[in-house]
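Rule-based calculations on the coordinates, nothing more; no lab input. Just so you know, these numbers come straight off a predicted model, no measurement behind them. Methodologically, a virtual Cβ is constructed for each residue, glycine included, from the backbone with ideal geometry; neighbour enumeration extends over all protein chains shown.
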């Protein structure tokens, strides 16, 4: 059996360091907003070439706090891709804002910059781009639109740790870069965790207060805040893995290249372009017989996942939500045909070759 993901195997090279960190945190006796968080925040800011990193409880909270820090009027509109994971939209709704869904580019699966301007209205305050599957959006065009219309740019980087567009890292183009460190991510914790990166000191101060009950000093609360802190243990584990993030991304790229070099042309593969360094959080192929293909691979002992079987506008939770139409045909086509195949730091080249051999026999 070749699993889609195996977190025990993925984390095995780091177990000794994890145990050292675990013992250190236990012995230190400081579990919230302590030295391990400070070390990780400084390291992750440096890794991303930004001024600040604010550790938070998870990726959804990273998006919510980024929007909260903007203090937009209730009912303001935020542009977001129509094929994103629902978390991007839930963050907008949690801030009493209106999600305006824009269709993706069918080739890249990221928001189509040529369709953004037609969605802008006087109520539009921000664009939330999602660097889906580990590929950056086409940020030059999006930045031009942001500047032209004086919009805030929030980057959902949950799947794009280390991805670049024209040499610039995801999360560094806009006011806020929001990351998830869910265990399966390219940089994954051993539980829920997240972070926001930014360059503006006032944004850093606001986010630091928002995550901690609106407080900078214990028992003194300056603004309405929340409890969205990244704990010491997860920060410590993330510091261990951060030192190996480039290595882990390079491994994913090596496996992805095996697919590009050896898969037959029946499958629609991710687009490659020299402007993009992709980190392949998800290696998604598309096929008109997707469900049949998935069952075939299951029968052959190969694990797969569909990211995602139901597009946001078809989710029961979003029925009747203002700003969301009943049909997004490009998103629907992607969701109906996409299949994620093994491409993780836990996989060996030999395993990927076995996957390729099985795929090439599918009719």
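Using every pair of distinct Cα positions in segment 1-90, the Kirkwood expression returns a hydrodynamic radius of 16.9 angstrom.
What does the helix-only formula give at 222 nm for the chain: each DSSP H stretch with n ≥ 4 adding -39500 (n - 2.57), the total divided by the residues, and the result rounded to the nearest 500 deg cm²/dmol?
Values: 12 runs with 132 residues, N = 363.
After summing the helix terms and dividing by the residues of the chain, the value is -11000 deg cm²/dmol.
Taking label points 7 Å from Cα along the Cα-to-Cβ direction, residue 218 and residue 357 give a separation of 6.1 nm. Restricting the calculation to Cα atoms, the chain yields a radius of gyration followed by a Dmax of 20.4, 66 Å.
Footprinting exposure proxy ranking of 279, 240, fewest other C-beta atoms within 10 angstrom first, gives 240, 279. When the chain is treated as a GNM with alpha-carbon contacts under 10 Å, the residue of 313, 161, 244 showing the greatest mean-square fluctuation is 244. Among 171, 75, 194, the largest mean-square fluctuation in a Gaussian network model of the chain, built with springs joining Cα atoms closer than 10 Å, belongs to 75.
Between residue 147 and residue 314, 0.36 nm times their residue separation minus their Cα-Cα distance comes to what?
On the way: separation 167, 0.36 × 167 = 60.12 nm, distance 3.23 nm.
The residue 147-residue 314 span can extend by a further 56.9 nm.
Neighbour counts of C-beta atoms inside 10 Å place 275, 61 in the sequence 275, 61, starting with the fewest. Of all the options 319, 49, 228, the one that moves most in a Gaussian network model of the chain with Cα springs shorter than 10 angstrom is 319. Residue exposure proxy: 291, 278, 156, ordered by other Cβ atoms within 10 angstrom of their Cβ from fewest to most, comes out as 291, 278, 156. At full extension, residue 325 and residue 8 could sit 110.0 nm farther apart than now, given 0.36 nm per residue minus the alpha carbon distance. Short-range pairs are left out: with C-alpha atoms under 8 Å and at least six residues apart, the relative contact order of the chain is 23 percent. For segment 245-360, the relative contact order comes to 38 percent (Cα pairs under 8 Å, sequence separation of at least 6).
Packing here is the average count of other Cβ atoms within 10 Å per residue, and on that basis the peptides 149-155, 337-343, 25-31, highest first, run 337-343, 149-155, 25-31. Note on segment 245-360: Rg/Rh from C-alpha atoms, Kirkwood Rh, equals 1.02.
So how much slack lies between residue 275 and residue 71, counting 0.36 nm per residue of separation and subtracting their Cα-Cα distance, in nm?
Working: separation 204, 0.36 × 204 = 73.44 nm, distance 3.41 nm.
Length difference between fully extended and current span is 70.0 nm.
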